[in-house]
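The structure under discussion appears below in the form of structure tokens.
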Amino acid sequence: MQVQRVVLNSRPGKNGVPVPENFRLEETTLPLDLKEGEVLVRTFYLSVDPYMRCRLNEDTGAEYLTPWGLSECVDGGGVGVVESSRCGALSEGDVVTSFNWSWQTHDVVKGSVLQKLDPQLVDGRLSYFLGAVGITGLTALLGIREKGHVTKGANQTMVVSGAAGACGSIAGQIGRLDGCVKVVGVCGSAEKCRALVEDLGFSAAVDYRQDDVPARLRECCPDGVDVYFDNVGGPISDTVIAQMNHGSHVILCGQISQYNKDVPYPPPLSEETQEVLRSKSITRERFMVLNYMEKTEAALLQLSQWVKSGQIKVLETVVSGIENMGVAFCSMMKGGNVGKQIIKLSE
């Protein structure tokens, strides 16, 4: 069987900006004589995410992430359907997912590495399993619940950076549902600001490309900031932290502004910002959803209920065609997406 796949063509370098040419589309042949325990899957949707930037390097800098190998097939989150099976737990027609889904149109894999999905959880919108009702939604929900200390009735203000991205757009809505009286998003265009306020119910939005960020933040958060969901790091985070209240909390989710630089994760803070954290007793601890796997089942059910009821609205940027994986990845790294960046291969 002839299939198309995306392999790593070259590395951008630790301090380089990724380009589509770092990826290469090629054809390969798939054997169709399945061994015991194997299944043939057809890919519906693939996900591109900021964490993948470190997998472009020879050393990811994270013990739980392996680098992609040159001329080897790239992988990440994916959703597809079982087309034939020699695995007792999976049947033809089952919808399945994996964190290590190869960027291929079809693949033969061990059934044991796949997780069976219930399409009813997302009203048949299967791409949502890669975003709002998947690892992205879990990161937002568990990040807020485990590190945000949001309390109903406590008159808290939350700021979310990267607020129009996959995780930030969900996190802001959860902050509001969990009891924050104000949720302010920081993003990079007037259109994104409009989407946050009009479509997703954020209280206000800051355009870091156009606004005087410190002044606009003070205007939107006159009582200071109690919870900061940090997706970007860098100068924006320094600005938000400077306006945080005593005893407030930073949810350290991502640092996308620093991913093209050769710095450790999380990147070091300036002396000034470290002093603000110390003097105001602000918590800022690394958060990884992998450390809370026992809570994921209940969390996914909650996310599913919110999405189905319309209490959480889902934004997606969908690009069709496996040949556009590299372009979509590079666009996402520069903030070209609104909501979750998804690549559709088939349906």
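The values are calculated or read from the model by the stated rules, or taken from the named source; none is laboratory data. Please read these numbers as outputs of a predicted model, since none were measured by experiment. So basically every Cβ, Gly included, is an ideal-geometry build from the backbone, and we count neighbours across all protein chains shown.
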Checklist entry - In region 203-232, how many residues are in contact with a helix residue (DSSP H, G or I) (Cβ under 8 Å, 6 or more places away or on another chain) and charged (D, E, K, R)? => result 2
Next on the checklist: When the residues of region 12-41 are narrowed to those that are farther than 12 Å from Asn260 by Cβ and part of a loop (DSSP other than H, G, I, E, B), which ends up modelled with the lowest pLDDT?
Outcome noted: Leu32
Checklist entry - Pick from region 39-77 the residues that are surrounded by 21 or more Cβ atoms within 10 Å (Cβ to Cβ) and among the polar types (S, T, N, Q): which of them is farthest from Asn15 (Cα to Cα)? => result Thr43
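Can you pull out the strands (runs of 3 or more DSSP E) entirely within region 240-347 that have at least 1 residues that are not assigned by TED's automatic domain parsing to the domain that holds Gly188? Show your work before the answer.
Numbers: elements: 244-252, 283-286, 316-320, 340-344.
Because the criterion is at least 1 residues that are not assigned by TED's automatic domain parsing to the domain that holds Gly188, the strands (runs of 3 or more DSSP E) in region 240-347 that meet it are 316-320, 340-344.
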Checklist entry - Across region 198-209, what is the total count of residues that are in contact (Cβ under 8 Å) with a residue 12 or more places away in the chain and out of contact with any Cys (no Cβ under 6 Å at 6 or more places or on another chain)? => result 8
Next on the checklist: If I go through region 147-170 residue by residue, how many of them are in a helix (DSSP H, G or I) and crowded, with 24+ Cβ neighbours inside 10 Å?
Outcome noted: 6
Checklist entry - If you check Lys261 against the conditions, is it more than 13 Å from Gly233 (Cα to Cα) and either charged (D, E, K, R) or surrounded by fewer than 19 Cβ atoms within 10 Å (Cβ to Cβ) (or both)? => result no
Checklist outcome for this item: For Gly162, the lone unmet condition from (1) under 17 Å from the mean Cα position of the chain (by Cα); (2) at negative phi is (2)
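Would you be able to tell me the number of residues in region 171-196 that are assigned to a strand (DSSP E or B) and free of Cβ contacts under 8 Å to residues at least 24 places away in the same chain?
Of the residues in region 171-196, 0 are assigned to a strand (DSSP E or B) and free of Cβ contacts under 8 Å to residues at least 24 places away in the same chain.
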Item to check | Hits in region 203-237 - residues which are more than 19 Å from the chain's Cα centre (by Cα), within 25 Å of Lys152 (Cβ to Cβ) and in a loop (DSSP other than H, G, I, E, B) | outcome: Ser203, Cys221, Pro222, Asp223, Gly224
